[in-house]
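The values are calculated or read from the model by the stated rules, or taken from the named source; none is laboratory data. Computed from a prediction, not measured in an experiment: that's the story for all the values here. Heads up, the Cβs are rebuilt from the backbone with ideal geometry, glycines too, and the neighbour counts pull from every protein chain shown. Heavy atoms of the whole protein, side chains included, go into the accessibility calculation; ligands, DNA and RNA do not. Shrake-Rupley method; radii C 1.70, N 1.55, O 1.52, S 1.80 Å.
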Amino acid sequence: MPTRTSIDPMILEQAADWLVQLHGGPASEADRLACEQWQQISQEHARAWERAELIMNKLGGVPPALGMPALSRRPDASRRATVIKLAALMAALPVGWLAWCRLDRSCVEHSTDVGQRRNVRLADGTAVALNTDSAVEVAFDTHTRRLNLQRGEILITTAPDNASAHRAFIVHSQQGTMEALGTRFSVRQQDGLTQLAVYEGAVRITPRNKDNATLTVRAGEQTTFTDKTISLPTQTDELNVSWQHGMLVADNMRLQDFAAELTRYRHGVMHVTSDVADLRVSGSYPIDDTDQTLAMLVTTYPVDAVTRLGGRWVTFVPRLAKADRTK
């Protein structure tokens, strides 16, 4: 008989096959319901799916080398090899690591460095886009799908849960929790507060240190909250997440604020002198090439970008008239 920590290899293969079927190509509602029914057959089936989710969340999606043969959904040798590889990964998970995951629930982390962006597909089909210098921990269990935002900014598009028990989808920040109510939304961790913008559906906020105080933010709204208070929602739009397309969009933004945003995508420091801090900037600027953005700014506006330390220190100053430059 299998022990509490061992799972029948045939059941692991079946779980791997469900992973491939649900994530190797378009999945139907019938596919998801059938997977739920399979999980309900026995406790061992449910534990096999738990391992499958751990693998899926750890990898951030079915790797292309494994997923591509599955697109045809034919019972051919390529699909069989894909299933066997995934089942082997599931079987190889260390017992101690699994136990620690169940206790700590923060064993899967996805992150980006300054200037990087990354797209991750979670085990339930949820898409998570990470902006620059971000880190998020993924913790799925039998009751909750949870993301812990450690730093930076993420854009989430939730998907119907593939588990047999339909679990709440909750994002934790330093200031509190946000429960998705079937939605697409972004969360940004800032110093002392969390910024939330909702593009589809709704999200319910619960500050960490305010008992029974909640606010539901609906599509087209954004707000910020601390661990005790929630600001009144204001209007938002897709320009807030233009970073997913590699752009920083400014609409009559103060140069001081623009520089603060651009700094997120560039190693080093940006300083703006007081005499140009309130200069208004508009337009779309590439965040994958911040040197080009600097060139666009100084071409369009009456400022110069003085660089030092190999470009790691940038100071925006008023552009001198030609007569002054020759003195």
Quick one: ranking Arg167, Arg218 by accessible area, 1.4 Å probe, largest first, what do you get?
Arg218, Arg167
Give, as a single signed number, the net charge of other residues whose beta carbon lies under 11 Å from the beta carbon of Met10, with Lys and Arg counted +1 and Asp and Glu -1.
-4
Rounded to the nearest whole Å², what accessible area per residue is found for segment 219-265 with the 1.4 Å probe?
52 Å²
To the nearest 20 debye, segment 136-268 has a Cα-centred charge dipole, built from +1 on Lys and Arg Cβ and -1 on Asp and Glu Cβ, of 240 debye
Roughly how many percent of the accessible protein surface of segment 217-258 is carbon and sulfur, given a 1.4 Å probe and a whole-percent answer?
48 percent
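For segment 188-327, just run the numbers: alpha carbon Rg, then divide by 2.2 N^0.38 Å, N being how many residues it has. Don't skip to the end; give the middle numbers.
Numbers: Rg = 18.6 Å, N = 140, 2.2 N^0.38 = 14.4 Å.
Normalised Cα radius of gyration, segment 188-327: 1.30.
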